[in-house]
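Chemist: Structure provided below as structure tokens; questions to follow.
The values are calculated or read from the model by the stated rules, or taken from the named source; none is laboratory data. All of these numbers come straight from a predicted model, not from anything done at the bench. Heads up, the Cβs are rebuilt from the backbone with ideal geometry, glycines too, and the neighbour counts pull from every protein chain shown.
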Amino acid sequence: MRAVGRVPAARIADYGHPYGFVPLRGRIAEQLDRHGLPVDAASNVLLTAGATQGLDLIVRTLLRPGDAVVVEEPSYCNLLQILRLAGLQAYGVPPRSRASIRTSSSGS
């Protein structure tokens, strides 16, 4: 209780930045940059409360009712519900084994 009493009142009720904890967003941007994906943390990194919230934001932002989406079967059950609620057509495809996926390093 004493530690809480030392915190300014404005900070106790502060929800923080709406895009998420600023230092964590910066760290994520650094990691993406190390992997060749430079992003601006201030405008391009958004933290969500979980995968479902993130998928919902992506679907509502990038897709429109009636769009077709291909999903792996079996799929994340919450994704299927999000797609249905958004009025999207989901088409399931079976997963391929890693052995059958060709990469540029595996030769032709």
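Chemist: Given the criteria modelled with pLDDT under 95 and not hydroxyl-bearing (S, T, Y), does A86 qualify?
Modeler: When the stated conditions are applied, A86 does not pass them.
Chemist: Please go through the stretch 14-68 and pick out each residue that is hydrophobic (A, V, I, L, M, F, W, C) and either assigned to a loop (DSSP other than H, G, I, E, B) or touching a Pro at 6+ places or on another chain (Cβ under 6 Å) (or both).
Modeler: Residues satisfying the conditions are F21, L37, V39, V45, L46, L47, A49, L63.
Chemist: Taking the stretch 52-68 as the region of interest, how many residues are surrounded by fewer than 15 Cβ atoms within 10 Å (Cβ to Cβ) and of a type in the set (A, V, I, L, M, F, W, C)?
Modeler: Here is the first cut: in the stretch 52-68, the ones surrounded by fewer than 15 Cβ atoms within 10 Å (Cβ to Cβ) are 53-54, 57-58, 60-62, 64-68.
After this cut, where a residue has to be of a type in the set (A, V, I, L, M, F, W, C) as well, the list is 57-58, 62, 68.
Adding up the residues that qualify gives 4.
Chemist: Moving on. Say we look at the stretch 55-83 and pick out the residues that are of a type in the set (D, E) and modelled with pLDDT of 95 or more; which of these is farthest from V45 (Cα to Cα)?
Modeler: Initial filter on the stretch 55-83 (of a type in the set (D, E)): 56, 67, 72-73.
Still in the list and also modelled with pLDDT of 95 or more: 56, 67.
Numbers: D56: 16, D67: 26 Å.
The residue in question is D67.
Chemist: Right, next: Restricting to the stretch 18-47, name every residue that is under 29 Å from L88 (Cα atoms) and in contact (Cβ under 8 Å) with a residue 12 or more places away in the chain. Walk me through how you get there before you give the answer.
Modeler: Restricting attention to the stretch 18-47, the residues satisfying the condition of being under 29 Å from L88 (Cα atoms) are 18-20, 43-47.
Scanning the stretch 18-47 gives Y19, G20, N44, V45, L46, L47.
Chemist: Checking the structure you have, find out if any residue of the stretch 73-81 is over 28 Å from H17 (Cβ atoms), over 17 Å from the mean Cα position of the chain (by Cα) and among the hydroxyl-bearing types (S, T, Y).
Modeler: No, because not a single residue in the stretch 73-81 is over 28 Å from H17 (Cβ atoms), over 17 Å from the mean Cα position of the chain (by Cα) and among the hydroxyl-bearing types (S, T, Y).
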